[in-house]
Amino acid sequence: MRRRDFVQVSLAVAAHAVLQMPAAQAAVPSRRIPYGSAVRGDALVDDYDYRTALAEHCQLVVPEGGLKWEVVRPSEDRFDFYEGDKLLAFADQNGMKMRGHTLIWHGAMPGWTSSIHGAKAAEKAMSKHIHTVVGQYKGRIPSWDVINEAIADDPRGSDHLRPNLWFENMGKGYIETAFRRASEADPQVQLVINEYDIECVGETYKNRRNALLRVVRDLRDRGAPIHAVGFQGHLKGQYEIDKEGVSSFVAELKAMDVDVLVTELDVIDNLLPADEKERDQVIAGRVTDLLQAISDANPPTAILTWGITDRYTWVPMWFTRDDGRLNRPLPLDRDYKAKPMMDAIKRFAARA
Ligand code: XIL
């Protein structure tokens, strides 16, 4: 059997098996905030317990890497939807929705894109990508991260956008163009601008919120189709959430009729206490503070964590602990046992 056929069959079998389990979403009131997780395509195939946990807890999934350019665009003329299709099949079989991540980002770009030069060529490449990818899933992916991480690390004055291929070739209008192309491809989709480091106390966080607000306001003024801001929510556990700052930011967005959602929640715990119980409490506290601060102004349309189990998390790629203990940034531990972070999320999801 070809690997792809094998994968389809095993996923179908797996989906059937997990459907025998009490379906979490069946008993859930419809007004709750959907909870979901980023999913790794390899673990989805290889790990039965992982599929089971996703099916039990999630109403939403998003591919952690499977819809990024480096996966979808092996070459200029090829589109590869294998990973996206695989996760969408799993979502369909388990009564979940899938989000799209991400159309325009400086990261995960295949090498061949460095030969894109000039405004015309860049706009053509952007339009082809967005039309094809959003078009492929028209009517099947209800929410897309159109722009990811557009704000400079440390924005100052008019220098508030991060340099990337699109900005360098098309100028700041690249953001508006991307939203318009996505809306053309599927007018029904929630179109999101997604950003990190906008949650905590500190000057840089505040400047980043203000810079993002400016971008969103500009898009609105120009009549561009933008519907929501995504808080990535990669929270640095050692910092407090800026509750007032977050609430007033969300209120300003609401006044422009722009929703919010949490797209990539995890708590980076390399500088938190060693004791696991204590660490888990701090983590749940940060999550509660963020969700409360957002909800005080406007409840999020969705809450997604960047993975569901500490077994599969990107955090140790950058934030290992000096004491050699493993990171615990996600709602389930390595054995799929729920931690206080999961309870905190579920409390919020239920009380919408
Ligand atoms: C990360 C993935 O989790 C890693 O596995 C991958 O190697 C790099 O990208 N912000 C984002 C996500 O928007 O796409 C990133 O995902 C994490 C930071």
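The values are calculated or read from the model by the stated rules, or taken from the named source; none is laboratory data. For clarity, every value in this text was computed on a predicted model and none was experimentally measured. So basically every Cβ, Gly included, is an ideal-geometry build from the backbone, and we count neighbours across all protein chains shown. In case anyone asks, the SASA skips ligands and DNA or RNA and just uses the protein heavy atoms, side chains included. Shrake-Rupley method; radii C 1.70, N 1.55, O 1.52, S 1.80 Å.
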Output ³J(HN,Hα) for the range 213-223: one whole-Hz value per residue in order, computed from phi by the Karplus curve 6.51 cos²θ - 1.76 cosθ + 1.60 with θ = phi - 60°, and x for Gly and Pro.
-> 4, 4, 4, 5, 4, 4, 4, 4, 4, 8, x
Excluding same-chain residues fewer than 8 positions from LYS337, which aspartates and glutamates have a Cα within less than 15 Å of its Cα?
-> ASP49, GLU56, GLU276, ASP280, ASP310
As a check on your grasp of the helix formula, calculate [θ] at 222 nm for the chain: sum -39500 (n - 2.57) over DSSP H runs of n ≥ 4, divide by the residue count, round to the nearest 500.
-> -13500 deg cm²/dmol
Using eta = 1.567 mPa s and T = 4 °C, Stokes-Einstein with Kirkwood Rh from Cα pairs puts D for the range 188-244, in µm² s⁻¹, at 105
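Translational diffusion coefficient, Stokes-Einstein: compute it for the range 151-304 using the Kirkwood radius over C-alpha pairs as Rh, at 37 °C and 0.692 mPa s, and state it as an integer in µm² s⁻¹.
Details: Rh = 16.3 Å.
Answer from the Stokes-Einstein relation: 202 µm²/s.
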Would you mind computing, in nm to one decimal, how far apart the modelled labels at LEU271 and ASP153 are, each placed 7 Å from Cα along Cα→Cβ?
-> 1.6
Taking a probe of 1.4 angstrom, what is the accessible area of LYS97 in Å², to the nearest 10?
-> 120
So, in Å, what gap is there between the alpha-carbon centers of the range 179-248 and the range 274-290?
-> 25
Given 20 Å bins starting at zero, what is the percent of C-alpha pairs of the chain in each, up to the one with the largest pair distance?
-> 30, 60, 9
Please give the FRET efficiency for GLU184 paired with ASP335, using the beta carbon to beta carbon distance and R0 = 51 Å, rounded to the nearest 0.05.
-> 0.65
With a Förster distance of 35 angstrom and the Cβ-Cβ distance between MET256 and SER114, calculated FRET efficiency to the nearest 0.05 equals 0.45
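Beyond 20 Å, how much of the Cα-Cα pair distribution for the range 50-159 remains, as a whole percent?
Working: 2792 of 5995 pairs.
It works out to 47 percent of all Cα pairs.
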Between SER248 and SER75, 0.36 nm times their residue separation minus their Cα-Cα distance comes to what?
-> 57.9 nm
For the range 89-171, the dipole about the Cα centre with charges only on Cβ (Lys and Arg +1, Asp and Glu -1), to the nearest 20 debye, works out at 420
Taking all pairs of different Cα atoms in the range 84-221, averaging 1/r and flipping that mean, what Kirkwood radius in angstroms comes out?
-> 16.0
Placed amide H near PHE81: partners under 5 Å, 5+ positions off or other chain = none
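Need one number: the % of Cα-Cα pairs in the range 223-352 sitting beyond the 16 Å mark.
On the way: 5143 of 8385 pairs.
Considering the range 223-352, 61 percent of its Cα-Cα pairs are separated by more than 16 Å.
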When ligands, DNA and RNA are left out and all protein chains stay put, how many square angstrom of accessible area per residue does the chain have with a 1.4 Å probe?
-> 43
